[in-house]
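Q: One structure coming up, written as structure tokens, with questions to follow.
The values are calculated or read from the model by the stated rules, or taken from the named source; none is laboratory data. Everything numeric here is computed off the predicted structure, so don't read it as measured data. Because the Cβ atoms are built from the backbone with ideal geometry, glycine has one as well, and the counts that use them run over all protein chains shown.
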Amino acid sequence: MRISILIISICCAINFSLSAQDIESFILKAPEKPFYTVKKIGVLEFDCSNNRRMNQMMTDFIVSDLLDQYRGIYDKQSKYWGLKKGKEGQTYVKGVKTDFYQVIERDQLQKVLKEQRLSVSGAINEGSAAEVGRILGLDVIIMGNVSYNHRDEKGTSILGLASSSNSNCTKRVVNAKGTMKMVSVETAQIIGTKTAQTSMSMQKCDDQRSAIPRPEVMAESCLKQLAREFTDYFAPGYQYIEYDFERIKLKAFRAKGKEALGFVQNGDLDHAFPIVYAMFEADPYNPKAAYNLGILYEMVGSYTDAYEYYGIAYELDYTNEKYGEATKRSKAGIGLNEYLEDIGRPVEAYTFTGDGVASALADRVAVKGSSGDRVSVYELPDKGSGVTAKVPGGLEFKVIEKSGSFYKIQLRGSKTGFIHKSDVK
């Protein structure tokens with residue numbers, strides 16, 4: 001029991017020491033190295049020297065990744081040792097599925113390989129691979145190798161810290177690495193290569209030690225991660241991102257900035273956009289305002305607009321690495337958008353709706369009382385004038401102008417009226 005308490009204490013300390021992120025989203029991501037002319041792909045079995053059974057497994061992981069219609073979007077797993085709840089993947093990009101390639105079936109590849117009396121694994125050379133690709137009318141053949149190793153560490157510790165009990169613990173660590181090569185069928189030359197490595201560890205104590213998965217099972221998880229890194233190298237997909245929505249410190253914008261952030265966190269981009277846009281229009285030399293506007297455009301896949309506003313933010317504050325990274329990311333996204341247009345799978349244009357920009361920064365007042373109360377709104381800034389409406393307490397109204405002790409407010413439709421300052425919060 002003391003061990004469990006120790007783990008929770010450590011996790012909480014780590015969780016609270018980290019700076020919280022404001023906004024989570026899955027965005028379209030350009031590949032590390034674009035090969036936008038590639039349309040038809042074959043994947044040979046990778047050579048796994050220490051476990052032949054995984055040759056086919058690695059190939060299957062890559063093929064599955066390439067055929068995934070929403071590659072990169074996933075149900076977010078718990079972080080910080082399970083203390084943060086998982087969250088279903090959310091994207092605001094519309095109309096883009098990621099199964100961009102025609103991937104040849106393994107049976108067809110194996111048939112040709114056998115006819116050519118070649119190995120079915122990645123051990124064949126580039127020239128032979130290209131020959132197979134030509135027979136099948138491919139653009140690119142993918143081949144490569146992977147390997148893994150594991151070690152078990154014995155001790156009486158949890159998460160690297162001494163335990164107050166005499167527990168016997170085992171920590172299993174699996175490391176995997178691999179190299180992928182992309183071979184042009186036309187030239188038999190390697191046009192792209194990616195080397196990656198990953199690791200996974202699990203620790204259990206006492207009678208729970210038998211619950212540690214076998215090394216082969218943990219290795220499968222590592223190979224899945226390698227497959228994702230390999231496909232990310234050349235294939236567009238989705239990327240999980242956490243944005244720090246900039247706080248605007250100017251007093252005039254502080255409340256509206258918090259309001260916009262609340263809308264975005266609740267997934268209401270339509271009501272956030274007019275506020276964020278109006279804040280930039282009101283202060284176009286504020287890099288934070290430009291950066292926030294870039295975020296909204298990037299979230300919906302409008303990379304040309306995102307690049308414009310990220311670029312403004314970076315130009316105004318070129319020492320901010322976050323602005324620089326966002327500018328590079330959105331510039332690559334422009335090329336991705338052009339590719340999607342070319343193949344007939346464009347990002348669905350997102351039209352922001354909601355209140356107009358002109359009114360986004362307008363002051364608002366809240367009526368005193370509850371929904372059961374009724375407060376008079378007058379035709380003129382004078383309690384002796386006629387009453388144009390009686391509104392429930394608790395509602396908010398946009399202020400058009402202030403006239404003495406009265407606020408002129410926007411009612412439903414095109415109606416306006418005056419409410420005394422004693423009747424508002």
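Q: Could you tell me whether any residue of region 124-135 is modelled with pLDDT of 90 or more, more than 15 Å from V43 (Cβ to Cβ) and not β-branched (V, I, T)?
A: yes
Q: Another question about this same structure. Within region 317-333, is there a residue that is at pLDDT 95 or above, of a type in the set (A, V, I, L, M) and part of a helix (DSSP H, G or I)?
A: Yes: region 317-333 contains one or more residues that are at pLDDT 95 or above, of a type in the set (A, V, I, L, M) and part of a helix (DSSP H, G or I).
Q: Scan region 103-119 residue by residue and report those that are loosely packed, with under 15 Cβ neighbours inside 10 Å and within 28 Å of Y238 (Cβ to Cβ).
A: E105
Q: Taking the condition in contact (Cβ under 8 Å) with a residue 60 or more places away in the chain and in contact with a strand residue (DSSP E or B) (Cβ under 9 Å, 6 or more places away or on another chain), does L340 pass?
A: yes
Q: Please indicate, with yes or no, whether at least one residue in region 49-60 is outside any helix (DSSP H, G or I) and either at pLDDT below 50 or in contact with a Phe, Trp or Tyr (Cβ under 9 Å, 6 or more places away or on another chain) (or both).
A: Yes.
Q: If you take the residues in region 61-80 that are surrounded by fewer than 17 Cβ atoms within 10 Å (Cβ to Cβ) and closer than 17 Å to A227 by Cβ, which one is modelled with the lowest pLDDT?
A: Out of the qualifying residues, it is Y74.
Q: OK, next. Name the residues in region 122-150 that are in a loop (DSSP other than H, G, I, E, B), surrounded by fewer than 18 Cβ atoms within 10 Å (Cβ to Cβ) and in contact with a Lys or Arg (Cβ under 9 Å, 6 or more places away or on another chain), would you?
A: Passing the criteria: L136, G137.
Q: Taking the condition surrounded by fewer than 22 Cβ atoms within 10 Å (Cβ to Cβ) and of a type in the set (G, A, S), does A272 pass?
A: Criteria not met by A272.
Q: Have a look at T187, T170, T193 and point out the one that is touching a residue at least 12 places away in the same chain (Cβ under 8 Å), assigned to a strand (DSSP E or B) and under 26 Å from V63 (Cβ atoms).
A: Going through T187, T170, T193 in turn, the sole match is T193.
Q: Out of the residues in region 228-269 that are out of contact with any helix residue (DSSP H, G or I) (no Cβ under 8 Å at 6 or more places or on another chain), of a type in the set (F, W, Y) and over 20 Å from E24 (Cα atoms), state the one that is surrounded by the fewest Cβ atoms within 10 Å (Cβ to Cβ).
A: Y233
Q: Another question, if that's okay. A219 versus (1) in the same structural domain as G127 (by TED's automatic domain parsing); (2) in a helix (DSSP H, G or I); (3) of a type in the set (G, A, S); (4) out of contact with any strand residue (DSSP E or B) (no Cβ under 6 Å at 6 or more places or on another chain): which is the lone unmet condition?
A: Failing condition for A219: (4).
Residues are listed down the side, and each one gets a yes or a no for (1) of a type outside the set (F, W, Y); (2) more than 17 Å from R364 (Cβ to Cβ); (3) assigned to a strand (DSSP E or B):
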residue: D382; (1), (2), (3): yes, yes, no
residue: T388; (1), (2), (3): yes, yes, yes
residue: V391; (1), (2), (3): yes, no, yes
residue: K398; (1), (2), (3): yes, no, yes
residue: E401; (1), (2), (3): yes, no, yes
residue: Y407; (1), (2), (3): no, no, yes
residue: G413; (1), (2), (3): yes, yes, no
residue: I419; (1), (2), (3): yes, no, yes
residue: S422; (1), (2), (3): yes, yes, no
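Q: What is the one condition in (1) small (G, A, S); (2) crowded, with 16+ Cβ neighbours inside 10 Å; (3) outside any loop (DSSP other than H, G, I, E, B); (4) in contact with a strand residue (DSSP E or B) (Cβ under 7 Å, 6 or more places away or on another chain) that A306 does not satisfy?
A: So A306 meets the others, but not (4).
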